[in-house]
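Here is the structure we will look at, set down as structure tokens.
The values are calculated or read from the model by the stated rules, or taken from the named source; none is laboratory data. Worth saying up front: this structure is predicted, and the values here are computed from it rather than measured. Cβ sites come from the backbone with ideal geometry, for glycine too, and all protein chains shown count toward neighbours.
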């Protein structure tokens, strides 16, 4: 019985350690996830037209990070243009980004698509971003969003 309790405690502890945002700074050249080469990227503003008429595309996108999950670094928001943003999640929940990635220019290599995001998930993102209760309660409708599932992220500036 003691061995079983110890195994569960060790498993729980290892999961808690993994679910932490990375330590350190998001400095130019830092890679999160799979290796990303600093070449052949498209500007974020072209993403809507690239997706036009397609369900999914493979893309390497250069964009500025507007927000990131304050809890674990498990998602971030990219500026696409003055009125549009895209939500990025990490493929397989395999890597996270630090909070200081906000404001940095990054290359995101992965799959992009448009998805209707549920009220529940939108509220979850707002809670992770430390939004006020008033802001969270104001979320009452699902939203169509540009999404990216990132294999890797490279900080370029």
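Quick look at the values:
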quantity: Any hit, the range 92-109, residues being in contact with a strand residue (DSSP E or B) (Cβ under 7 Å, 6 or more places away or on another chain), on the phi > 0 side of the Ramachandran plot and at pLDDT 90 or above; calculated: yes
quantity: Matching entry among 157, 131, 144 (being assigned to a loop (DSSP other than H, G, I, E, B) and either in contact (Cβ under 8 Å) with a residue 60 or more places away in the chain or touching a strand residue (DSSP E or B) at 6+ places or on another chain (Cβ under 8 Å) (or both)); calculated: 157
quantity: Where residue 78 falls short, out of the listed (1) more than 26 Å from residue 156 (Cα to Cα); (2) in contact with a helix residue (DSSP H, G or I) (Cβ under 7 Å, 6 or more places away or on another chain); calculated: (1)
quantity: Subset tally (residues that are in contact (Cβ under 8 Å) with a residue 60 or more places away in the chain and touching a helix residue (DSSP H, G or I) at 6+ places or on another chain (Cβ under 9 Å)) for the range 109-121; calculated: 3
quantity: Scope the range 71-94; condition more than 11 Å from the chain's Cα centre (by Cα) and either farther than 19 Å from residue 31 by Cα or crowded, with 16+ Cβ neighbours inside 10 Å (or both); matching residues; calculated: 71, 79, 80, 81, 82, 83, 84, 85
quantity: Cβ-Cβ under 6 Å pairs, at least 6 apart or on other chains, the range 21-49 side closer than 17 Å to residue 67 by Cα, far side at pLDDT 90 or above and part of a loop (DSSP other than H, G, I, E, B); calculated: 21/96; 21/98; 22/96; 22/98; 26/98; 26/104; 32/95; 32/97
quantity: Odd one out for residue 59 among (1) more than 12 Å from the chain's Cα centre (by Cα); (2) within 18 Å of residue 155 (Cα to Cα); (3) surrounded by fewer than 15 Cβ atoms within 10 Å (Cβ to Cβ); calculated: (3)
